[in-house]
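Trainee: Sharing a structure, written as structure tokens. Questions coming.
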Number of protein chains: 2
Amino acid sequence: MIYKTVIVDDHPIVISGISGLLSDLENIKIVEKFGSGIALLDYIEDNTVDLILMDVFLPIINGVDLCKTIKQKHPKIVIIGMSSQSERSLVMQFIQNGGNGYILKNASFDEFKNCIYKAIAGEIVFSEEVKTIISQPLSEELERIPALSRRERDIALLLSQGKSTQEIADDLFLSFLTVQTHRRNILQKYKMKNVAELIAFLLKNNMLN
Amino acid sequence: MIYKTVIVDDHPIVISGISGLLSDLENIKIVEKFGSGIALLDYIEDNTVDLILMDVFLPIINGVDLCKTIKQKHPKIVIIGMSSQSERSLVMQFIQNGGNGYILKNASFDEFKNCIYKAIAGEIVFSEEVKTIISQPLSEELERIPALSRRERDIALLLSQGKSTQEIADDLFLSFLTVQTHRRNILQKYKMKNVAELIAFLLKNNMLN
DNA sequence: CTGCTTTTACCTGATATCAGGTAATAAAAA
DNA sequence: TTTTTATTACCTGATATCAGGTAAAAGCAG
């Protein structure tokens, strides 16, 4: 059997790279290439597709939603997600929405080939680095960073804009002393010595905005 | 003349894609491919290279620093940066460190080819989307950002780690009062109200590390 | 309904920051 | 060589932060 394969990626070079890679594989035939999910959704309505390799970060529709939409109507199509960087939660979300595998783009050619073969054989596949990402749920959850509450986030944001306690109190219609308490709570929560360290920490962890 | 070209990218598929693309170009010959900057630095010491296409987000050494290092010893090598997403400041930083161009990976094949040809002809080149990114200098960004001096950077870094003036003075073997002066100078230079705003500003503009 | 978290608020005191000034020496650029 | 910038250092005073404690009201979840 020959697997009719579609590639979806908004980077022409990546499409070209994968095409080259897959041309080695006997029973894989690339029937179409797309730069976004919309075109793909149209295509699969009128054409037979067995395998889809898709970038998860796509314009307009993201890969997770795209995967879900496709699987609802065409559960037999094997879908493998790809991205340059990733996080545990994103990979899990992709699989939970019906994805048959996830490959990081820094994977070697052999990894790519193995994953694709295993996926069409019915397995859920991950490239090596993805495996290490998802197999560290314990240590990550142990060092899980507590979240900022809504109010704390408001205050942290204003702090990052250089506002003083009094200015923040005025902005949020709070007492000076309330803001002071929030400040102290935030610093204690993350064990930070002062606002400078706190802001650096929050920005580096994308916890503002 | 044939241009000896090296590709640096930690994504095998991207390397493969660019290889395919460049194989069409008559006077471009790919002599080597690397997954990180370290291997490249070794290579150029012993071999002639005319053109380097590099991913800006690389493991261990980032593209900006890599470009700078290479250009210091080999100013004639044409270096083009690439990435999937980018910001104005990063592109500018890359060019300021000697880069001859910047291409977003979602560029079309034609864009890639044109940029490469123009770059080896001596131009500074940008792919279409990069042009739109850099041609929007917001009123804030219009005023070019003055650089931190070495000492100021040291102090700003320690501030971002939550150190107090006294601790910084001890760390750098300076007087408390000297550190205080530096702090004031930095705040004045960027017109910031306090360290929190300063750290946020510096981090957002990638001016620490 | 009953805990748990969040948000609000107050008091005090030690310490740090910020803003204003000045100025000598060294290094780099013009 | 002259000028500018960087780095070093000191003084003072007003204001802000940080750390300790306490506590009530509101909202949410078990």
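Trainee: Name the residues of the range A:93-126, by number, that are at least 40 Å² less accessible with every protein chain in place than in the isolated chain; the surface is that of heavy atoms, probe 1.4 Å, without ligands or nucleic acids.
Mentor: Residues passing the criterion (a loss of at least 40 Å², heavy atoms only) are A:105, A:106, A:109.
Trainee: Another one. Sorted from shortest, what are the nm distances separating the label point of residue A:147 from equivalent points in the other copies, each placed 7 Å from Cα along Cα to C-beta?
Mentor: Result for residue A:147, in nm, nearest copy first: 4.2.
Trainee: Considering protein heavy atoms only and a 1.4 Å probe radius, which residues within the range B:1-37 exhibit an accessible-area decrease of no less than 50 Å² in the full assembly relative to the chain by itself?
Mentor: B:11, B:12, B:13
Trainee: To the nearest 500 deg cm²/dmol, what mean residue ellipticity at 222 nm is calculated for chain B from DSSP H runs of n ≥ 4 alone, each contributing -39,500 (n - 2.57), summed and divided by the residues?
Mentor: -15000 deg cm²/dmol
Trainee: What is the projected area of the convex hull of the Cα atoms of the range A:3-139, averaged over all directions, in nm²?
Mentor: So the Cα hull casts an average projection of 7.5 nm².
Trainee: Ok, one more. Please list A:109, B:112 in order of solvent-accessible area, largest first, computed with a 1.4 Å probe with all protein chains present.
Mentor: A:109, B:112
Trainee: Another one. Given a cut-off of under 8 Å on Cα pairs at least six residues apart, what relative contact order in percent is computed for chain A?
Mentor: 13
Trainee: Sticking with this one: Highest mean first, how do A:46-54, A:80-88 rank when packing is the count of other Cβ atoms within 10 Å averaged over residues?
Mentor: Ranked by mean Cβ neighbours within 10 Å, highest first: A:80-88, A:46-54.
Trainee: Separate question: For residue B:38, place a label point 7 Å from Cα along the Cα-to-Cβ direction in every copy; what are the distances to the other copies, in nm, shortest first?
Mentor: 4.5
Trainee: Oh, and also: So, with a 1.4 angstrom probe, what is the percent of accessible area on chain B that is carbon and sulfur?
Mentor: Using a 1.4 Å probe with all protein chains present, chain B comes out at 51 percent carbon and sulfur.
Trainee: Between copies, how close do the residue B:68 label points come, placed 7 Å along Cα→Cβ, listed in nm from shortest?
Mentor: Spacings between copies for this position, smallest first, are 4.4 nm.
Trainee: Then there is this: Please work out the average accessible area per residue across the range A:47-101, using the 1.4 Å probe convention, and give it in Å².
Mentor: I get 45 Å² per residue for the range A:47-101.
Trainee: Hey, what's the range B:145-204 come to in accessible area per residue, 1.4 Å probe, Å²?
Mentor: Accessible surface, normalised per residue, equals 53 Å².
Trainee: Here is a further query. Could you tell me the total accessible area buried at the A-B interface, probe 1.4 Å, in square angstrom to the nearest hundred?
Mentor: Accessible area lost upon association: around 2500 Å².
Trainee: Please compare each pair in A:113/B:33; A:33/B:105; A:33/A:73; B:68/B:163 to a cut-off of 25 Å on the Cα-Cα distance and tell me which ones are over it.
Mentor: B:68/B:163
Trainee: Need one value for B:152-159: mean number of C-beta atoms belonging to other chains within 10 Å of its residues' C-beta atoms.
Mentor: Shielding by partners across B:152-159 averages 1.
The values are calculated or read from the model by the stated rules, or taken from the named source; none is laboratory data. The model shown is predicted, which means the values in this text are computed figures rather than measured ones. All Cβ positions, even for glycine, are placed from backbone atoms using ideal geometry, and neighbour counts span all protein chains on display. The area values use the complete protein model at the heavy-atom level, side chains included, leaving out ligands, DNA and RNA. Shrake-Rupley method; radii C 1.70, N 1.55, O 1.52, S 1.80 Å.
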